[in-house]
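Derivation of every value follows stated rules applied to the coordinates shown; laboratory data play no part. All values reported here derive from a predicted model rather than from experimental measurement. Here the Cβ is made from the backbone with ideal geometry for all residues, glycine too, and neighbour counts use every protein chain on show.
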Amino acid sequence: MSEDITPSPGETPAPTPHRRRVRYSGKYPRRFEEKYKERDPERYSGTVAKVLASGKTPAGTHRPIMVAEVLEALAPKPGELAVDCTLGFGGHAREILARLQPGGRLLALDADPIELPRTEARLRAAGYGPETFMAVRTNFAGLPQALANANLTGADCILADLGVSSMQLDDPTRGFSVKFDGPLDMRMNPQRGFPASVLLEKTAPADLARLLEQNADEPRAHDLANALARRSFPTTKALAAGIRAAVHNLGKDEIDLAIRRVFQALRIAVNDEFSALDMFLRYLPACLNPGGRAAILTFHSGEDRRVKKSFEAGLREGVYSHIAGEVIRPSPEERHANPRSSPAKLRWAIKSP
């Protein structure tokens, strides 16, 4: 028998508590999870425009760097086959795809299992079907295998943008920066390898010092290594605090630089980026058709040195007919509008006919 809970005459039912919806906390909320307007650009284009006008990158997006310069170097033409080895948010890919039509195709690679399907869905929604646009989850060092699996022998244009995407930097769950606190991970593919926190716990001071020198040209590598090696830093903020404590006698700008260099060095090590780049540069000529064009965007000196030496060696050996005489950098206008473009360097090469 059920209990009668009907109020008797004269009684007032207890009011239902009012629950306010979660509100958007201002134009530029601090927490990544609150930035739902920026992460829905189709619906909130006005908010996105304001963020862009302020010189920032909207959350969950990425602004392609040196688009005009990349397009000039690659010179994609209708009917050609192009490869974007680092698809990311798809900004470069979308511009290249437009110039390949009619009849051209783009093969896009990316190791990130989180961002790749999102970008593929955006490009499909823009009208690029499987006959025009193919997406493959692999590191850029897997270019030869990706071409072979697609029954392709060579490409007319190959782009590799070696920078970390803004989606990865801004997402605290990925652990790439100290902008938001999150687990110290840094893996491009979270399904493989082990995170940066484990790397620090396992690495001896001498080995960590060598890693900081080779991957980031860190001048205080030994002091930092002694303070950080074989210690537990589960989050990005914890590591940043450890770095600050190790170089507390420096000025704020120098401390911030040290934090960025340590994070960069760990990210490169966790993802084995230099080995992947060396392999990619070794395979690159064989993946280009005669007269094919390659363009590579780098973001620190270790990457740029490798690309420069590889292109120069290819020119001497007759593999390339032309290479960029000088490194190409973003214009002052682009650096002002998108500060994340500032360290970018572009080099290009053309395979001999």
Burial ordering of M66, M134, fewest other beta-carbon atoms within 10 Å first: M134, M66
Expected output is a single nm value to one decimal: the length gained when fully extending between V198 and Q214, i.e. 0.36 nm times separation in residues minus the C-alpha distance. What is it? 3.8 nm
Here the FRET efficiency for A245 versus T138, based on Cβ atoms and R0 = 35 Å and rounded to 0.05, is 0.30
Ranking request for peptides 264-276, 245-257, 183-195: highest mean number of other beta-carbon atoms within 10 Å first, then the rest in descending order. 264-276, 183-195, 245-257
What ranking do L211, L74 get, fewest neighbouring Cβ atoms within 10 angstrom at the top? L211, L74
Taking each pair of distinct Cα atoms in segment 142-301 once, what is the resulting Kirkwood hydrodynamic radius in Å? 17.1
If R0 = 30 Å, then N226 and Q191, at their Cβ-Cβ distance, give a FRET efficiency to the nearest 0.05 of 0.35
Pulled fully out, how much extra length does the chain show between A125 and H336, if you take 0.36 nm times their separation in residues and subtract their Cα-Cα distance? 72.8 nm
Grab the Cα-Cα distance for I114 and S321, subtract it from 0.36 nm times how many residues apart they are, and report the gain in nm with one decimal. 70.7 nm
Sorted by chain and then number, the residues having a modelled amide H within less than 5 Å of the amide H of S165, at least 5 places away or on another chain, are none
Among T236, T298, T173, T132, which comes first, then next, by fewest other beta-carbon atoms within 10 Å? T173, T132, T298, T236
Those aspartates and glutamates that a straight Cα-Cα span of less than 15 Å connects to K202, excepting residues fewer than 8 apart in one chain: D185
Cβ charges +1 (Lys, Arg) and -1 (Asp, Glu), total dipole of segment 249-329, debye: 100
